[in-house]
Amino acid sequence: MKPRNVMVENSNSFGNLDKKPRSKKIKNKIDLSAMVSVSFLLIVFFMVTIELAKPRIMSLGLPDNSVICGTTFTHCGMDNRRVITLLLDDNDKIISYKGTLNYPEQTPETLNYNTKSIRTELLDLKKEVIEVTGNKNRAAIVIIKPSKKSTYGNLVAILDEMNITNIETYAIINDFTAEERNLLALN
């Protein structure tokens, strides 16, 4: 007969039953390096967009209109023979005058946007300024004043003419005198 395996209470291997088996607890570790990288990218993005959204202002040096030298009206800093003012009106019309409207070098005339009209006027002014001043470095000054009735395309066309005729000194001004408003209303 074979001997039977009998377990004795003292020698059994089930003596640990009252104790719960312990398993290793894995601590949850969240890797925050990706979140830190994304937050830094967002900070940099918003800093750059705020800097680019700031308005840029360009200073525009214009001659002082209040300066009167002596008893007759003259600009002490600017030669009126070098200046032409272009008033951009509706229906593709340009009203131009040389000098100031109070003391014009020529009477105001109406031009159009075709290349023969405005381009020849600007080229003639450029030649005339060189003849009058005798100096090629003293260029013509063009003051562009678009009215509320003029279109964006008209302004772009005038700026193209400035580029084609190689006139480097020009200004776009949105300020009209009472005489200029009357001149626009008449035409």
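Placing dummy labels 7 Å off each Cα toward the beta-carbon, the span from Leu41 to Leu159 is 3.6 nm.
Prolate is the label for region 102-151. Its Cα gyration tensor axes, ordered a ≥ b ≥ c, give a/c of at least 1.5 and a/b above b/c.
Could you grab the relative contact order for region 80-178? Cα pairs under 8 Å, six or more apart, rounded to a whole percent. Could you put the intermediate results ahead of the total?
Values: 159 pairs, mean separation 30.2, N = 99.
Here the relative contact order equals 30 percent.
Please give the FRET efficiency for Lys54 paired with Ile26, using the beta carbon to beta carbon distance and R0 = 41 Å, rounded to the nearest 0.05.
Details: r = 51 Å, r/R0 = 1.24.
So the FRET efficiency works out to roughly 0.20.
With the simple model of a label 7 Å out from the Cα in the direction of the Cβ, Ala34 to Leu101 spans 6.7 nm. Remark on Ile141: its backbone amide H falls under 5 Å from those of Val83, Ile84, a criterion applied only to residues 5 or more positions apart or on other chains, H modelled at 1.01 Å from N.
Cross-link partners for Lys24 among the lysines, with Cα-Cα distance under 22 Å and sequence neighbours closer than 8 places in the same chain left out, do not exist in this structure.
Its alpha carbons considered, region 80-178 gives a radius of gyration followed by a Dmax of 12.7, 38 Å.
Where a number appears in this text, it was derived from the coordinates with a stated rule and is not lab data. Bear in mind that the values here come from a model prediction, so they are computed numbers and not experimental data. Cβ coordinates were reconstructed from backbone atoms using ideal geometry, including for glycine residues, and neighbour counts include every protein chain displayed.
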